[in-house]
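Bear in mind these aren't lab numbers, they're just calculated from the coordinates by the rules spelled out. No experiment lies behind these values; they were computed from the predicted model shown. Here the Cβ positions follow ideal geometry from the backbone for every residue, glycine too, while neighbour counts run over all protein chains shown.
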Amino acid sequence: MNLQLGGNLLTPDGWIHGEITFGDRIGGINGAPVNPADNNDVYILPGFIDLHVHGGGGVDIMEANGAGAVVARLHARHGTTAFLATTMTAPGIEIERALNDLAPMRQQRTAGGARMLGIHLEGPYINAGKLGAQPDFARCGVAEEVSRYNDIVPVKLVTIAPEVSGHAALIETLVANDIQVQLGHTLGSYEDGVEALKRGAGSFAHLFNAMTGLHHREPGMVGAALAHADFAEIIPDLLHVHPGAIRTALRCIPHLYCVTDSTAAAGMPDGNYLLGGQTITKCLGGVRLADGTLAGSTLTMDQALRNLVAIGLTIHDASNRLSANPARFLGITDRGRLAQNCWADLVVLDRHLQLKSVYIEGELIDITHA
């Protein structure tokens, strides 16, 4: 059955005022170019794609026991239509347990939930001296281990500290096997970052956070990103990164894209939750370990859109940072844009950028509990 929606549609060619027809995929888009400021109609944007999701709705991906479905439904109610389930630094047996629990979701999308595209391994191949909120199980990466994980659920992205011995070669191996690599939780230098990019690394994990900062005589990993990166992820909750630093990154990195790095506390009241087996506390809009370290976020992608617009981005630009750019980074051509034959993943927002409806592969999502 085909559905039809009308409003201000953000297409790859810009805004049009018209109608979109779709089933599970987009059948057609008709309309005329428009400046959406000239009317009061709704905005219809591509669904959001989040490449860094640890949890939500009170559960953490590492808990297993069906956590992935809860996370998929929570974020779908906030406009995320596709995501990478993100693991924590942990012993291999715990990572495998989480992946085995997620495996059915790769074959069958959770009803009412976002499409899980695969896995983001955030660690354990990171620097033990830059854990951030990661548990202390960092170790050198082994390609055979990633291959074993990939046999359970497709591994789409691995966060790596490039300065760790053996990781330069690991980056090349992963990229040769169509697994994207990003640099993060690292004490590496500017030179380490540049070398990793030459070997095929394609992005930087939560830019500015858990990496060596920019100094004019030691540019660090942040300097490598700002000077050389085409892609990097950033957390626009306005807590992890100052708006001025976000704008700096926007001027330097052509395809900067946004992630939530969300935890079990997303969509939940203040209180204690789990992140990779550690207790985190949600309070005042953020989540922290007992020692005060930021531990992921409570951000959802619809709020990320509003935050970006609040600091001066156009809706068009903000949408690209949440949809088109992450899709492009993963090499996905049938999501992240409103075009014929793409999956019917779309969000409808009112003039205050509040969600009115969400469709995932043509399914209308119940957002009443968001």
Spin-label pair residue 366/residue 32, simplified geometry with 7 Å Cα→Cβ offset, distance in nm: 4.1 nm
Segment 1-46: translational diffusion in µm²/s, Stokes-Einstein, Kirkwood Rh over Cα pairs, 10 °C, 1.306 mPa s: 149 µm²/s
Can you tell me the FRET efficiency between residue 215 and residue 247 if r is taken as the Cβ-Cβ distance and R0 is 30 Å, rounded to the nearest 0.05? 0.90
Ratio for segment 48-332, C-alpha Rg to 2.2 N^0.38 Å, reads 0.90
Taking the Cα centre of segment 154-200 as origin and charging only Cβ (+1 Lys, Arg; -1 Asp, Glu), how large is the dipole, in debye to the nearest 20? 160 debye
Toy charge model, Lys and Arg Cβ at +1, Asp and Glu Cβ at -1: segment 285-370 dipole around Cα centroid in debye, rounded to 20, equals 280 debye
Determine, from the Cβ-Cβ distance of residue 25 and residue 288 and an R0 of 56 Å, the FRET efficiency 1/(1 + (r/R0)^6), rounded to the nearest 0.05. 0.85
Percent relative contact order for segment 284-370, counting Cα pairs under 8 Å at least six residues apart, stands at 15 percent
For segment 33-49, Karplus couplings with θ = phi - 60° (6.51, -1.76, 1.60), whole Hz, Gly/Pro x: x, 8, 9, x, 5, 8, 9, 10, 7, 5, 9, 10, 10, x, x, 7, 10
FRET efficiency for residue 340 and residue 39 from the Cβ-Cβ distance with R0 = 22 Å, rounded to 0.05, comes out at 0.35
Segment 211-285 and segment 306-361 have their Cα centres apart by a whole-number Å value of 20 Å
Rel. contact order, % - alpha carbon contacts under 8 angstrom, at least six apart, segment 28-88: 38 percent
Can you give the helix-only mean residue ellipticity at 222 nm for the chain, where every DSSP H stretch with n ≥ 4 adds -39500 (n - 2.57) and the sum goes over all residues, rounded to the nearest 500 deg cm²/dmol? -8000 deg cm²/dmol
When the charge dipole of the chain is computed with +1 at the Cβ of Lys and Arg and -1 at the Cβ of Asp and Glu, the Cα pointing farthest to the positive end, of 92, 167, 285, is that of 285
Report the equivalent ellipsoid semi-axes for segment 225-271 in whole Å, largest first, defined as the square roots of five times the eigenvalues of the gyration tensor built from alpha carbon atoms. 26, 11, 6
Pop out the ³J(HN,Hα) list for segment 281-297 in order, Karplus 6.51 cos²θ - 1.76 cosθ + 1.60 with θ = phi - 60°, rounded to Hz; leave Gly and Pro as x. 10, 8, 7, 6, x, x, 10, 9, 6, 4, 8, x, 5, 4, 10, x, 9
For residue 287, enumerate residues with amide H under 5 Å from its amide H, sequence gap 5+ or separate chain, H modeled in the peptide plane. 295, 298
Sequence of 367, 179, 49 once ranked by neighbouring C-beta atoms within 10 Å, starting from the fewest: 367, 179, 49
For segment 48-332 the mean separation of alpha carbon contacts under 8 Å (6+ apart) over residue count, i.e. relative contact order in percent, is 19 percent
Ordered by packing density, taken as the mean number of other Cβ atoms within 10 Å over each peptide's residues, highest first, how do 65-73, 209-217, 332-340 rank? 65-73, 332-340, 209-217
Which cross-chain or sequence-distant (5 or more) residues have an amide H under 5 Å from the amide H of residue 183, H modelled 1.01 Å from N in plane? 160, 203, 204, 205
Rounded to one decimal in nm, the spacing of the 7 Å Cα→Cβ label points at residue 270 and residue 108 is 4.1 nm
Considering only 137, 197, 207, whose Cα is most displaced toward the positive end of the charge dipole of the chain, charges sitting on Cβ of Lys, Arg (+1) and Asp, Glu (-1)? 207
Checked segment 226-370 with the C-alpha gyration tensor, a ≥ b ≥ c its square-rooted eigenvalues, rounded below a/c of 1.5, otherwise prolate if a/b is larger than b/c and oblate if not; verdict oblate
Can you give me the C-alpha center-to-center distance between segment 25-68 and segment 69-114, rounded to a whole angstrom? 16 Å
Most packed first (mean Cβ within 10 Å per residue), the peptides 272-285, 21-34 order as 272-285, 21-34
Run through the DSSP bridge list for the chain and note the antiparallel percent, rounded to the nearest 5. 55 percent
Comparing 353, 207, 299 in a Gaussian network model of the chain (Cα, 10 Å), the one with the largest mean-square fluctuation is 353
Which ³J(HN,Hα) values, rounded to whole Hz and listed in residue order, are derived for segment 157-173 from phi using the Karplus coefficients 6.51, -1.76 and 1.60 in 6.51 cos²θ - 1.76 cosθ + 1.60 with θ = phi - 60°, glycine and proline given as x? 8, 10, 8, 9, 8, x, 7, 5, 3, x, 7, 4, 5, 4, 4, 4, 5
With +1 on the Cβ of every Lys and Arg and -1 on the Cβ of every Asp and Glu, and nothing else charged, how large is the dipole of segment 48-332 about its Cα centre, in debye rounded to the nearest 20? 720 debye
Given H placed on each backbone N at 1.01 Å, which residues far from residue 342 in sequence or on other chains put an amide H within less than 5 Å of it? 26
